[in-house]
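The values are calculated or read from the model by the stated rules, or taken from the named source; none is laboratory data. As the structure is a prediction and not an experimental result, all values here were calculated from the model. With ideal geometry, Cβ positions are generated from the backbone for all residues, glycine too; neighbour counts draw on all protein chains shown. Remember, those area values only see protein heavy atoms, side chains included, never the ligands or the DNA or RNA. Shrake-Rupley method; radii C 1.70, N 1.55, O 1.52, S 1.80 Å.
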Amino acid sequence: MTETILFVDDEPSVLHAVRRIFADDALEVIVAASGEEALKIIRERAVSVIISDNMMPGMTGIEFLERSRAVSPDSVRVLLTGYSDVHAAIDAINRGAVYRFLTKPWDNEVLRKTVLDGVNEHSVIMTMRHADESKLLSLAQTIELKDHYTRGHCENVAKYALVIAEHAGLAGDGIRQVKYASWLHDCGKIGVPEAILNFPGRLTDEMMLIVKKHSEWGADVARKAALPAGVVDMILHHHERYDGGGYPRGLAGDQIPLGARILAIADVYDALTTERPYRAALAAEEARRILREGRGTWFDPALLDIFFRHLGEERV
């Protein structure tokens, strides 16, 4: 099915230009000259991505995009704004009203890439919402293709996490949610540029800020896909630290969901024992040594002890 994107701008020349930018893409491009007109459109038809200018007569772009959440909650929203409004755009992102923002005048290829990323995210959400187990795993594997160094990572994390979960007393739906969260814990990386994911060295502070958003973006995707709240929480909090020094909320100890504490151990162990763009894979004993150093600071001590006692029992 052809995905539909909606551009909202009060300047006819801009709307004409965006039609040319996407002329070669398999997308239906519709346009609106105001927030009011755009709201009418999204009440009548499904739209995958909404791109709106901010400074428009009557309703601003930020106001329109916030109102559009109630009408079309599954649409991915992109804001076009001038440099003077960047702080407002960042605030809109933090409130969840906007997926990305671009400053005007934009670079055509950057605009096109941003919109296509949004189309991809919308497709992922729709697929997750209606997927069975095999499709969820296949989807996670597809997302991993953005970062060739993490190929197989989601399955490995599930393998280690399920051992911990079973010996920690989880069963039934609890086990199933740990499995789904393990597969999808990095699904938010669909919003991280591949140049950052595959950067051959230590990331800059600015790059790290973008990477650290992936847990929130992933949780948002899972939430929109109507996955269980437990899965959403595990995805959101799998980078929290036991001492409160993690992200995105700085939770500590038992404030961190049990499943997220399990994922943290499985995620780090597999990351250490597989090759990454900035280093070779570590030997298993060296990886265990690093995990031991994080006992009680990075990782839940009781869960880490379970992991070490039962490492090697994972089902392939």
Hey, how many Å between the Cα centroid of the stretch 172-212 and the Cα centroid of the stretch 61-132? 19
Which value, in Å³ per residue, describes the convex hull spanned by the Cα atoms of the chain? 138
On Cα atoms only, tilt of 153-167 relative to the major axis of the chain in degrees: 50
For the stretch 10-94, the percent of accessible surface on carbon and sulfur atoms (probe 1.4 angstrom, ligands and nucleic acids excluded) is 53
What's the angle, to the nearest 10 degrees (0 to 90), between helix 108-129's Cα axis and the longest principal axis of the chain? 60
Any lysines with Cα under 18 Å of the residue 113 Cα? List them, leaving off those in the same chain fewer than 8 positions away. 104, 146, 189
Using θ = phi - 60° and Karplus 6.51 cos²θ - 1.76 cosθ + 1.60, couplings along the stretch 12-17 (whole Hz; Gly, Pro as x): x, 5, 5, 5, 5, 5
Share, in percent, of DSSP beta bridges within the chain that are antiparallel, nearest 5: 5
Between residue 155 and residue 297, what is 0.36 nm times their sequence separation minus the Cα-Cα distance? Round to one decimal in nm. 48.5 nm
Between residue 28 and residue 290, Cβ-based FRET efficiency (R0 51 Å, step 0.05) works out to 0.50
Averaged over all viewing directions, the convex hull of the alpha carbons in the stretch 195-316 casts a projected area in nm² of 8.5
Under a 1.4 Å probe, counting only protein heavy atoms, residue 113 has an accessible area in Å², nearest 10, of 90
Pairs 40/213; 135/212; 135/179; 135/213: which exceed 22 Å Cα-Cα? 40/213; 135/212; 135/213
Full extension between residue 19 and residue 90 adds, at 0.36 nm per residue less the Cα distance, a length in nm of 22.9 nm
Isotropic mean projected area of the C-alpha convex hull, the stretch 70-185 (nm²): 9.8
Round to a whole number: what % of the accessible area of the stretch 119-233 belongs to carbon and sulfur, probe 1.4 Å? 53
Expected field for residue 254, accessible surface area in Å² at 1.4 Å probe radius, rounded to 10, holds 120
So for R0 = 30 Å, FRET eff. of residue 280-residue 142 from the Cβ-Cβ r, to 0.05, ends up at 0.70
